[in-house]
1. Taking 0.36 nm per residue of sequence separation and subtracting the Cα-Cα distance, how much length would be gained by fully extending the chain between residue 70 and residue 182, in nm to one decimal?
2. Full-extension gain between residue 27 and residue 191, please, as 0.36 nm times their residue separation minus the C-alpha to C-alpha distance.
3. Rounded to the nearest 500 deg cm²/dmol, what is the calculated helix-only ellipticity per residue at 222 nm for the chain, with -39500 (n - 2.57) per DSSP H run of length n ≥ 4?
4. In square nanometres, what is the average projected area of the Cα convex hull of the range 155-224?
5. Return the FRET efficiency for the residue pair residue 45, residue 214: r is the Cβ-Cβ distance, R0 is 30 Å, and the value is rounded to the nearest 0.05.
């Protein structure tokens with residue numbers, strides 16, 4: 001078994017090590033050896049976002065002596081490389097005019113996203129709400145070759161024809177909005193929020209209302225919490 005891009009060291013007796021392995025060309029190979037399960041799971045999660053990844057698994061190796069090593073599989077996930085799928089955008093006819101970043105979160109804009117990215121969203125069982133409020137989900141679609149760029153081109157051309165404005169200026173405005181949406185999702189990614197797991201929806205929303213004073217912020221955070229539940 002070979003190593004890919006990581007430093008591999010043998011575990012010392014009495015301690016466990018965690019091998020993060022990649023599946024490529026019909027075989028498993030060690031990507032990195034890490035000292036904790038938490039670090040190994042974080043690395044596996046990172047590798048699964050890469051388009052060329054076919055599979056990732058974590059092997060726990062417990063070494064009791066030089067001759068006695070016990071291995072157990074803690075995690076394994078296979079996936080098709082994203083580049084092999086058809087994720088071309090689906091045409092739309094009358095997209096809403098989004099002048100402010102807040103407009104992209106509204107129902108009309110989300111419906112347009114659902115249409116544009118229907119092939120990608122159906123494949124990944126995802127919703128526009130998750131794209132807008134989950135940094136992980138948004139980062140994945142932004143990494144798909146030319147998908148978002150193609151959508152921006154189509155929308156900016158349609159809006160330019162409808163309003164007799166410059167398509168290039170509209171395109172710049174859309175990209176600025178995408179950057180701000182991504183930045184907001186990234187900033188909130190590590191913030192602790194009430195979880196739906198183990199509680200009722202009304203109770204989760206009450207706890208969010210008590211935590212955030214601004215109405216728009218409460219709505220955004222509630223959607224973030226829902227997106228986290230859906231993604232996880």
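1. Stretched out fully, the residue 70 to residue 182 stretch lengthens by 36.0 nm.
2. 55.2 nm
3. That comes out to -15000 deg cm²/dmol.
4. 6.5 nm²
5. It comes to 0.45.
Laboratory data are not the source of any read-out in this text; all were calculated from the coordinates shown. Here the structure is a predicted model, which means the values were calculated and not measured. No Cβ is skipped: glycine too gets one built from the backbone with ideal geometry, and neighbour counts run over all protein chains shown.
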